[in-house]
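The values are calculated or read from the model by the stated rules, or taken from the named source; none is laboratory data. Model, not experiment: these values are computed from the prediction. Accessible surface is based on the protein model in full, side chains and every heavy atom, while ligands, DNA and RNA are left aside. Shrake-Rupley method; radii C 1.70, N 1.55, O 1.52, S 1.80 Å.
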Amino acid sequence: MAALLAVLLLGSGAAAAPSQPGPSKGLRLERRSDCLAPAAFERLLAAGADGWGTPESEAQRSVDLLAAAVQCRAFAAGSERECDALAGVPRFPAASLLAADCRLEHQLLTLYDALRARDAGRAEAACARWHELGRPAALKGVDAPAVCRRAVALLLDGAPAPCERLEREAGDAAKEARQRQAAAALCRAVGIPGEAACVQKGLPLGRKACETYGRLSAAMRARDPKLCPGSDRYGGLCRALASKEPASACEAVRADWQAMVCAGRFAPGQGGD
């Protein structure tokens, strides 16, 4: 279960790397400034991964920055449809997997934001949608809307050990054991992680993933970018989500990816500007 959710939530590592790039392929950008322009973002995606000019040694960093940029746009727009931009990138072997990761993660980030705003309805919908998108085997047979409704209520009430309490409430009959455990697992998967939660047994995602989401959700709640992770994948994204104006802050995340791509397409001293 932990390995499954780590893949679902954090991506696939080496499998996500694009094909060996070739700066001469894809769309033509005559100047570095054209490449860096906000309007070039969609054009670069549409041109295909083999035209980005990213060295093989930087492939994973490029994927991390791109995933963060698209995720940031999805959050700012309030729609997982923004993740479709990843699925449509030509000659990008992991495009569909990254898009699926993006949709799942979007629902978690939406849930964290809804809990911060004490918007129970939006939090419940994000929780249920996360389950619908992922459908991990260990969570089959769960009445996701009902579990999400109760889990959100407990989280908003600040109840101690909310997922353990939810499991106890589900009943003690032996025949209900699987349903109880699955309900608690769903609660733990979408619940706001904390330092103590990440070391408990039975956590349905890896400890590293838990700690990353714990820092990210804490930064969102406190509106404090100092609490953000420092990774390429989550650093810029977290800082944007922790700001009061995520839509404008997401431009910095998009620009980070384009700066990397454009550096690969234009050698120092080239590009006319």
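Some observations on this one:
- Split the accessible area of region 69-155 by element, probe 1.4 Å, and carbon with sulfur accounts for 49%.
- Solvent-accessible heavy-atom area per residue, rounded to whole Å², over region 34-138 at 1.4 Å: 38
- Each Cα pair under 8 Å and six or more residues apart adds its sequence gap; the mean of these over the residue count of region 47-134 is a relative contact order of 24 percent.
- nm² value of the averaged projected area, convex hull over the Cα atoms of region 44-167: 9.1
- The Cα atoms of region 204-243 cover 29, 20, 12 Å along the three principal axes, with the biggest extent listed first.
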